[in-house]
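A short write-up of the structure that comes next.
Each value in this text was obtained by applying a stated rule to the coordinates, not by laboratory testing. Because the structure is predicted, anything quoted here is derived from the model rather than measured. Cβ: placed from backbone, ideal geometry, glycine included. Neighbour counts: every protein chain shown.
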Amino acid sequence: MATATQVQEKNSLMTGESYLESLNDGREIWFDGEIIDNVAEHPAFRNAARSMARLYDALHDPDLQDDLTIVDQFGNRTHRFFTPSYSAEDLRRSRTAIDIWQRINYGWMGRSPDYKAAFMAQLAEGHSFYGDYADNALNWYKKFSSQGLHLNHVLIDPPMNRNKPRTETREVYVSLDKSDDKGIYVSGAKMVATGCALTHATFVGFTGGVAAMMQEGRDEDMALVFIAEMDSPGLKVISRPSYEQKAVSPFDSPLASRFDENDAVMVFENCFVPWENVLIYRDIDRVKQFQAESGFFNRYNLQAAVRLAIKLEFCIGLMIKGTEASGTNNFRGVQAAIGELVTMKDTIWALTTAMVNDPEPSIGKSVVPNLQTAAAARVYTTNCWTQVRNTFETVLAGAPSFTISSVRDMDAPGLSHIIDTYYQGTGLEGRERIKLFNLVWDALYSEFAGRHGLYERNYAGNKDQQRMDALRWATMRGQVDGYTGLVDQAMSDYDTAGWVHPAWKN
Ligand SMILES: Cc1cc2nc3c(=O)[nH]c(=O)nc-3n(C[C@H](O)[C@H](O)[C@H](O)COP(=O)(O)OP(=O)(O)OC[C@H]3O[C@@H](n4cnc5c(N)ncnc54)[C@H](O)[C@@H]3O)c2cc1C
């Protein structure tokens, strides 16, 4: 790792202010029937953008700078997870940096810039994998890490014709229109680009599962991996509804009103991508390998697990305060349920500890979290949110629905004494109780919460794929042979005549 004495240190990391300014670049974000002028100021996006901006300001906070940032091998100061790790200690410190960032938004923004850093950081060591496009990969690493860019990614094709060969879906899936001396032109759609309106560029690629289905001699025009800047001509973002805009007030929707990462459909219509942004061009072999080579899977699961652990801490806090308010907190079954939430958070944290303390070699001299621990974290974390929601539904039961219609009721003449008398909790005034349960509602039951449930379950790929990957890797690494070997060994202890093994024979 370079130090300031070896290379002149440069700090080009964005601040919150420059990040917000950078979003005003003429990008084509469709919302509510029109193209948004500036996302950083639009009521559907502006608070989410400000929440993201706080992360950039933290990079410049003298009290946090040492834990959050590092000077990379090119002399650029960057977030610790935006550059490769070369030891368990590096990974531990990266985990701390992820943790600090995630706490700023209480674990409620999954696609903060550290998510795609899981991939982009590895380009520093892994650029040569991209052959003719290796320089592009290295240049993107430098640009990404030195400024702390925010990238979204789209890896999934639209949910149509999953049962047909890709050539039959060419009209819809992203594919090559043409190329010239300046770059490539692509058309098609990809899903879903979480938070993309707030990012600088979109990374367009594939999951291992989708890439595995591609065929040489047939799918070359779709075998493309590239980075499209958000203001690329022909790139259109079709937003879903904004829960931020629907929020009546922060009092009513304290999470949706500031942490809503709009999941958008990304449409490319003869979109121009310059050659310097292309990483893989009509190369099925590389498309099949690049995810595994990159260490992305191992690393994104570290970021995601840290993020979820913090979200769970927040929910445990909510549950404790909620049960205290209802006076149910000392009941045996309630304590057991809260204890279970604590163990879920602790299990996730233990998985991150295993991921950082027991790394495996990756590209170049870098190390990444162990693949199988990352696979276990992926399945455990995507399962556990459903259980969290079940626990809230049974333990807080109907308490969150004992509420009012909006903050405007608080000052309505005639309602004041009703709120003060009938809405109070144990040791909590009516107004404070409503404030607390509005937060519970937004976290677990609102439209924003429903989207979070869907996100936690699916963001890391469909349920079957998550499990099939775990089995495939255990098979590839010889562990499945070990498992069947254990059964063979047990069966060799005896036969039809009785015990074969001397321990039991006589
Ligand atoms: C809120 C949210 C945000 C997300 N953000 C992003 C993002 O920013 N970027 C991104 O790339 N992805 C993102 N995703 C993930 C992605 O969009 C998909 O939802 C996810 O990968 C699951 O794939 P799918 O929805 O296409 O399900 P499918 O793959 O269609 O699976 C649906 C069901 O069909 C089964 N199935 C599918 N194919 C087959 C087959 N060939 N044979 C047998 N069974 C099959 C599956 O096992 C599953 O049970 C996000 C998802 C959500 C919900």
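A compact table of results
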{"read-out": "Tensor-based shape of the stretch 296-461 (alpha-carbon gyration tensor, a/c under 1.5 rounded, otherwise prolate or oblate)", "value": "prolate"}
{"read-out": "Exposure proxy ranking, count of Cβ atoms within 10 Å, fewest first, for 355, 319", "value": "319, 355"}
{"read-out": "Rounded, prolate or oblate (a/c below 1.5 giving rounded, otherwise prolate when a/b exceeds b/c) for the stretch 228-340 by Cα gyration tensor", "value": "oblate"}
{"read-out": "Additional length obtainable on full extension of the chain from residue 66 to residue 30, 0.36 nm per residue less Cα span", "value": "9.0 nm"}
{"read-out": "The stretch 323-402 and the stretch 158-190: distance between their alpha carbon centers, rounded to Å", "value": "38 Å"}
{"read-out": "Ellipsoid equivalent to the stretch 16-294 - semi-axes via the Cα gyration tensor, in Å", "value": "30, 25, 16"}
{"read-out": "Shape call, the chain: gyration tensor on alpha carbons, a/c limit 1.5", "value": "oblate"}
{"read-out": "FRET E, pair residue 336, residue 421, Förster distance 35 Å, beta-carbon r, rounded to 0.05", "value": "0.60"}
{"read-out": "At least 15 Å along the helix axis (C-alpha) and Kyte average at least -0.5, DSSP helices within the chain", "value": "296-326, 332-357, 371-395, 430-444, 479-491"}
{"read-out": "Exposure proxy order (Cβ contacts within 10 Å, fewest to most) of 310, 419", "value": "419, 310"}
{"read-out": "Sites residue 11 and residue 497 - FRET efficiency at Förster radius 51 Å, r taken between beta-carbons, to 0.05", "value": "0.10"}
{"read-out": "Sorted by Cβ density within 10 Å, fewest first, the residues 358, 495", "value": "495, 358"}
{"read-out": "Simple label model, 7 Å out from Cα along Cβ direction - residue 408 to residue 380, nm", "value": "4.7 nm"}
{"read-out": "Efficiency of FRET from Cβ geometry, residue 172 and residue 238, R₀ 22 Å, rounded to 0.05", "value": "0.95"}
{"read-out": "Flagged links, alpha-carbon separation over 29 Å, of 116/182; 190/365; 10/288; 142/190", "value": "190/365; 10/288"}
{"read-out": "Extension gain from residue 269 to residue 447, taking 0.36 nm per residue of separation minus the Cα-Cα distance", "value": "61.0 nm"}
